[in-house]
1. Taking the Cβ-Cβ separation of Val90 and Arg117 as r and a Förster radius of 30 Å, what is the calculated FRET efficiency to the nearest 0.05?
2. Of all beta bridges DSSP finds with both residues in region 59-214, what is the antiparallel percent, to the nearest 5?
3. Given H placed 1.01 Å from N in the peptide plane, which residues other than close sequence neighbours of Arg194 have an amide H under 5 Å from its amide H?
4. Mind ranking Lys51, Lys145 by accessible surface for me, highest first, 1.4 Å probe?
5. Give me the dipole magnitude in Debye, nearest 20, for region 71-166 about the Cα centre, with unit charges on the beta carbon: positive for Lys and Arg, negative for Asp and Glu.
6. Through the Karplus equation 6.51 cos²θ - 1.76 cosθ + 1.60, θ set to phi - 60°, convert the phi angles of region 161-176 into ³J(HN,Hα) values in whole Hz; use x for Gly and Pro.
7. What does the charge dipole of region 108-214 about its Cα centre add up to, to the nearest 20 debye, if the Cβ of each Lys and Arg holds +1 and the Cβ of each Asp and Glu holds -1?
8. Any idea what the dipole of region 154-214 comes to, in debye rounded to 20, about its Cα centre with Lys/Arg Cβ at +1 and Asp/Glu Cβ at -1?
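The values are calculated or read from the model by the stated rules, or taken from the named source; none is laboratory data. Remember, it's a predicted structure, so these values are computed and weren't measured experimentally. Neighbour counts run over all protein chains shown; Cβ positions are idealised from the backbone, glycine included. Quick note on the areas: whole protein, heavy atoms, side chains included, nothing else; ligands and nucleic acids left out. Shrake-Rupley method; radii C 1.70, N 1.55, O 1.52, S 1.80 Å.
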Amino acid sequence: MRVIFLGPPGAGKGTQAAVLKGRYGLAHISTGDILRENVRSGTALGKTAKKYMDSGGLVPDDVIIAMMRERLQEPDCRSGFILDGFPRTVPQAEALDRLLEGMDITLDGVILFEIPRQLVIDRLTGRRICGSCGEIYNVSFKSTKVPGVCDRCGGELVQRDDDREEVVIRRLEVYEEQTAPLVRYYEEKGRLIRVDAGREGDRVVAAIEKAVGL
Ligand code: AP5
């Protein structure tokens with residue numbers, strides 16, 4: 001299976017991708033995770049990306065496209081992948097079309113996570129992530145047994161810098177301006193599959209599985 005997860009920040013793309021990765025052995029390629037890893041390890045890419053990420057803006061297309069060109073060549077992509085957070089602009093989508101054509105790969109679908117704006121704000125401001133294993137939690141929707149401690153590995157939970165409310169609002173504006181045009185782009189190609197992402201996680205996963213025939 002080769003799919004794109006498209007949708008606003010906080011729609012649950014990363015959460016549902018982690019479930020499907022575990023279930024089907026797909027590569028989960030999150031551009032946000034790759035960028036955050038580069039920020040943490042202080043690479044040149046991380047230094048460039050940080051200033052855009054902290055303000056809620058997008059990292060320039062040429063930087064992202066070069067990063068994804070390399071990532072898609074890695075061996076784990078051969079058994080299928082979920083692209084989470086890429087493409088995010090029309091130029092990125094056009095570049096992805098060219099990359100996939102060069103690799104003789106066809107996409108199975110683009111899953112659009114549809115969700116009301118206020119729910120996204122509640123989910124993002126309540127999101128907490130394990131600093132050690134990356135497991136995603138939420139103070140309202142998915143809490144840990146011991147507050148602040150990861151159920152899976154015992155690591156400490158942290159809040160992402162860009163999950164502060166003012167940055168969340170900016171990210172939503174950026175989504176509407178720069179990423180929402182991709183809905184039409186993929187609809188015109190007959191690739192778009194709409195999923196109600198405002199429901200409980202298990203039901204969202206089941207809807208995706210049904211839509212792509214898993
Ligand atoms: P990125 O990391 O991609 O952030 P995002 O798209 O804004 O998405 P999120 O990770 O915030 O949300 P999600 O949909 O994965 O939600 P999650 O599953 O965590 O990007 C960060 C930054 O990097 C960007 O702002 C940009 O600067 C840069 N960047 C990345 N890619 C780029 C690109 N291609 N081009 C340019 N710049 C790029 O869920 C959210 C919360 O909700 C969690 O707490 C979770 O527990 C909870 N939740 C999830 N599903 C449910 C459910 N069904 N019910 C109840 N709660 C739920």
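1. Computed FRET efficiency for Val90 and Arg117: 0.85.
2. 60 percent
3. It is Leu112, by chain and number.
4. Lys145, Lys51
5. With only Lys, Arg, Asp and Glu charged at Cβ, the dipole is about 400 debye.
6. These are the phi-based 3J(HN,Hα) values: 4, 8, 9, 5, 3, 5, 6, 4, 4, 5, 4, 5, 5, 4, 4, 4 Hz.
7. Using Cβ point charges on Lys, Arg, Asp and Glu, region 108-214 gives about 220 debye.
8. 420 debye
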